[in-house]
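The values are calculated or read from the model by the stated rules, or taken from the named source; none is laboratory data. Note that the structure is a prediction, hence the values are computed from the model and not measured. All Cβ positions, glycine included, derive from the backbone under ideal geometry; neighbour counts span all protein chains shown. Just the protein is used for accessible areas: all its heavy atoms, side chains included, with ligands, DNA and RNA removed. Shrake-Rupley method; radii C 1.70, N 1.55, O 1.52, S 1.80 Å.
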Amino acid sequence: MPQRTLLFVLFDGVQSLDVTGPLEVFNGAETHTPGTYRIRTASLDGGPVRTSSGLTLVPDEALKEVPDPHTLLVPGGQGTRGSDPLLTEWLRTHGPRARRLVSVCTGAILLAEAGLLDGRRVTTHWAYCEKLARDHPAVEVDPDPIYVRDGHVSTSAGVTSGIDLALALVEDDLGRQAALAIARHLVVFLRRPGNQAQFSAQLAAQTAQRDPLREVQQWITEYPAGDLTVEALAARASLSPRHFARAFQAETGMTPGRFVDRVRLEHARRLLEDTGDGIEEISRASGYGTPEAMRRAFVRALGTAPAEYRRRFRPASAH
């Protein structure tokens with residue numbers, strides 16, 4: 001296999017973990033299989049950069065001195081807001097020449113400003129998805145997954161999701177066993193699929209302001225197998241179904257049905273990962289009723305059936 005050059009773009013205000021997380025993954029892969037990667041870091045002028053946390057990083061060279069890499073990785077951080085026009089221009093010129101284009105967190109903003117994400121499905125840190133979509137209408141922004149891969153362009157959500165994406169890329173290059181070995185060395189689980197939600201159902205929804213609605217949210221998370229129809233939930237909140245549905249969406253940012261779907265999916269995922277319960281038992285406990293209903297929900301949301309999800313993402317120690 002030919003050696004792949006990986007270039008990490010550095011700039012003032014970069015998030016240090018966006019750089020060091022994926023870098024450690026690829027360096028681990030190079031240690032595992034020598035000759036796989038040549039890792040380089042570069043800033044515009046080759047000078048040191050100060051990260052958002054105050055850490056100073058010293059790059060290998062200046063961007064103008066770097067040959068076009070196989071994989072170009074653009075991290076995020078505070079420095080992506082009000083970015084340097086010279087960096088944007090460099091990305092616009094050199095980005096299309098990379099065989100693989102990768103961003104971590106708000107690094108997607110830099111790629112979008114350079115016109116490299118037009119027509120692509122992408123993601124970024126959940127707090128900046130709305131801004132990315134608003135500022136770049138030609139980009140299809142998906143706020144849910146921890147990473148998205150669209151052709152040769154891969155984008156990831158906040159901070160640690162860059163590690164998940166880097167492990168997925170290493171799995172492409174070297175196979176699953178190599179990626180597992182690196183994950184074990186870094187003491188992380190190779191178990192998060194790219195289309196896993198960026199955060200839990202409870203965090204995805206805002207907390208309702210009114211006590212009755214907050215209590216309904218809590219009830220849903222504690223009893224996913226219960227009667228969670230709008231009518232039943234409205235009765236618990238002592239509201240009419242129409243008033244309840246309107247108030248719930250206004251205060252949480254999603255419909256009751258959407259919240260229930262997320263809670264049930266999250267509950268089922270957790271049981272598949274952490275228990276030895278059968279698929280039929282888990283489907284009932286999670287409120288799906290039947291294995292087929294749960295299978296349809298998993299395929300729709302995660303792109304995989306429950307049994308395959310368990311096979312891929314349940315820790316080996318749980319078997």
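Would you mind telling me which numbered condition in (1) in a loop (DSSP other than H, G, I, E, B); (2) modelled with pLDDT of 90 or more; (3) open to solvent by less than 30 Å² (accessible area, probe 1.4 Å) Gly158 fails?
(2)
I'm checking my understanding of the structure. Among residues of the stretch 291-319 that are open to solvent by 60 Å² or more (accessible area, probe 1.4 Å) and at pLDDT below 85, which one is nearest to the chain's Cα centre (by Cα)?
Pass one, the stretch 291-319, residues open to solvent by 60 Å² or more (accessible area, probe 1.4 Å): 292, 295-296, 299-300, 303, 307-308, 311-312, 316-317, 319.
Keeping just the survivors that are at pLDDT below 85 gives 303, 311-312, 316-317, 319.
Values: Gly303: 15, Arg311: 21, Arg312: 17, Ala316: 23, Ser317: 25, His319: 26 Å.
Filtering first and then ranking leaves Gly303.
Answer yes or no: is there a residue in the stretch 200-213 that is at pLDDT 85 or above, open to solvent by 50 Å² or more (accessible area, probe 1.4 Å) and within 27 Å of the chain's Cα centre (by Cα).
no
Anything in the stretch 16-39 that is crowded, with 17+ Cβ neighbours inside 10 Å, out of contact with any helix residue (DSSP H, G or I) (no Cβ under 9 Å at 6 or more places or on another chain) and over 18 Å from Val159 (Cβ atoms)? List them, or say none.
Glu30
May I ask you to list the residues in the stretch 223-279 that are among the charged types (D, E, K, R) and open to solvent by less than 60 Å² (accessible area, probe 1.4 Å)? Don't jump to the end; show me each part of the working.
As a first pass, look at the stretch 223-279 and keep what is among the charged types (D, E, K, R): 227, 231, 236, 242, 246, 251, 258, 261-262, 264, 266, 269-270, 273-274, 277.
Correct list: Glu251, Arg262, Arg264, Glu266, Arg269, Glu273, Asp277.
Name the single residue that is farthest from Pro145 (Cα to Cα) among those in the stretch 159-174 being touching a residue at least 40 places away in the same chain (Cβ under 8 Å) and more than 16 Å from the chain's Cα centre (by Cα). Please lay out each step first, then the result.
Going through the stretch 159-174, the residues touching a residue at least 40 places away in the same chain (Cβ under 8 Å) turn out to be 159-163, 165-167, 169-170, 173-174.
Still in the list and also more than 16 Å from the chain's Cα centre (by Cα): 170, 173-174.
Working: Val170: 19, Asp173: 22, Leu174: 24 Å.
Looking at the filtered set, the residue picked out is Leu174.
Which members of the stretch 97-114 meet the condition of being over 12 Å from the mean Cα position of the chain (by Cα) and not aliphatic (A, V, I, L, M)?
Arg97, Arg99, Arg100, Gly107, Glu113
Of all residues being under 21 Å from the mean Cα position of the chain (by Cα) and among the β-branched types (Val, Ile, Thr) in the stretch 9-51, which is nearest to Ala178 (Cα to Cα)? Just the residue, please.
Out of the qualifying residues, it is Val25.
Only residues in the stretch 230-244 that are over 13 Å from Gln217 (Cα atoms) count as the first member; pair them with residues that are open to solvent by 70 Å² or more (accessible area, probe 1.4 Å), Cβ under 8 angstrom, at least 6 apart or cross-chain, and list the lot.
What qualifies is Pro241/Glu231.
Output the residues belonging to the stretch 58-101 that are buried (at least 18 other Cβ atoms within 10 Å of the Cβ), without any contact (Cβ under 8 Å) to a residue 60 or more places away in the chain and either closer than 13 Å to Val14 by Cβ or acidic (Asp, Glu) (or both).
Pro59
Between a residue in the stretch 139-151 that is touching a residue at least 40 places away in the same chain (Cβ under 8 Å) and any residue that is part of a strand (DSSP E or B) and aliphatic (A, V, I, L, M), which pairs come within a Cβ distance under 9 Å, given they are 6 or more apart or on different chains?
The qualifying pairs are Asp144/Ala197; Pro145/Ala197; Ile146/Ala197; Val148/Val122.
Can you list the strands (runs of 3 or more DSSP E) found entirely within the stretch 1-111 that contain at least 1 residues being out of contact with any Asp or Glu (no Cβ under 9 Å at 6 or more places or on another chain)?
Details: elements: 4-9, 37-43, 71-74, 100-103.
Counting at least 1 such residues, we get 4-9, 71-74, 100-103.
Could you tell me whether Arg149 is more than 18 Å from Val19 (Cα to Cα) and modelled with pLDDT of 85 or more? Before you say what the answer is, go through the steps one by one.
Numbers: more than 18 Å from Val19 (Cα to Cα): yes; modelled with pLDDT of 85 or more: yes.
Taking the combined requirement at face value, the residue satisfies it.
Before we move on, is Leu117 assigned to a loop (DSSP other than H, G, I, E, B), at pLDDT 95 or above and either crowded, with 16+ Cβ neighbours inside 10 Å or in contact with a strand residue (DSSP E or B) (Cβ under 7 Å, 6 or more places away or on another chain) (or both)? It would help to see each step written out before you state the result.
On the way: assigned to a loop (DSSP other than H, G, I, E, B): yes; at pLDDT 95 or above: yes; either crowded, with 16+ Cβ neighbours inside 10 Å or in contact with a strand residue (DSSP E or B) (Cβ under 7 Å, 6 or more places away or on another chain) (or both): yes.
The answer is yes for Leu117.
Quickly run through the stretch 46-63 and pick out the residues that are touching a helix residue (DSSP H, G or I) at 6+ places or on another chain (Cβ under 8 Å) and not hydrophobic (A, V, I, L, M, F, W, C).
Those that are touching a helix residue (DSSP H, G or I) at 6+ places or on another chain (Cβ under 8 Å) and not hydrophobic (A, V, I, L, M, F, W, C): Gly46, Thr51, Ser52, Ser53.
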